[in-house]
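All remarks here apply to the structure that follows.
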Amino acid sequence: MLQLENVVKSYTVEGKRQVRVLDIRSFGMAAGEKAALVGPSGSGKSTLLHLLSGIIRPTEGTIRLLDRRLETLAEAELDRFRACHIGYVFQSFNLLPGFTAIENVLAAMQFGSSALTGKEKKERAAELLDQVGLGHRLRHRPAQLSQGEQQRVSIARALANRPALVLADEPTASLDAANAGNVFELLANACKEEGAALLLCTHDSELAGRMDRIVRIRELSREGA
Ligand code: ADP
Ligand code: MG
């Protein structure tokens, strides 16, 4: 489903010096697999997720996702590909503050490729929110929801277009321990229910242990540092 080969990401700093932040020989994921990506702060976890979602491009190497080579796609194709096939869950939720829970999920569906009618989209959005335990909070705006509830809305939103891959960047880092455990469980279950693979960054090794597989970013590196 996903395969990276010889992926390097370097940044130019101060106009000249090249800093290599990622150097991955090989990394792959199977359809429906749930993996935790673990590494210390600054080790390139977010950079890897940005590469997988096409938000940034590799300096070298190939990223094959669902039989497409991401590094060869033009900007507009990448935007469409991302909207249709990738769900993203952020640490800071990134919900639209002026919109209700169900409107936030529906907004994501406008950019997908689904052939659903307006009514069917509303039904699916409500169903997803119900699945994450927010069936009674459809018309609440983010400010009217707890942090844990806001993260659940963003999980429902990430799954709205039936993505093949969900990327979650430290999704529980701003939640208390009880909420973090719940949200984690929900995310894993929702991905399973929807048949999506999940790659989740975390530095919480207890939570990481609940995934099918733990991927240590250092061990992916060509230098094996
Ligand atoms: P993590 O998510 O594991 O904390 P990041 O992927 O955010 O790590 O960052 C990895 C490294 O890349 C850091 O050292 C960071 O300073 C560097 N970095 C990230 N983005 C840029 C950028 N736009 N320009 C230069 N360096 C960057
Ligand atoms: Mg990060």
For the chain, built as a Gaussian network whose Cα springs stay under 10 Å, the top-fluctuating residue of 45, 121, 34: 121
Directionally averaged shadow of the chain, computed from the convex hull of its alpha-carbon atoms, nm²: 12.8 nm²
Gaussian network model of the chain, Cα within-10 Å springs - most flexible of 169, 23, 130: 130
Rounded if a/c under 1.5, otherwise prolate or oblate - the range 1-76, Cα gyration tensor axes: oblate
Gap separating the Cα centres of the range 192-225 and the range 122-172, nearest whole Å: 22 Å
Cα-based Rg and Dmax for the range 95-192, where Dmax is the largest Cα-Cα distance (Å): 12.7, 39
Whole-Å distance, taken between Cα centres, linking the range 19-39 and the range 41-61: 10 Å
Percent of Cα pairs exceeding the 17 Å cut-off, where the set is the range 137-206: 41 percent
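We did not get these values from a lab; they are worked out from the coordinates using the rules stated. Because the structure is a prediction, the values reported are computed rather than measured.
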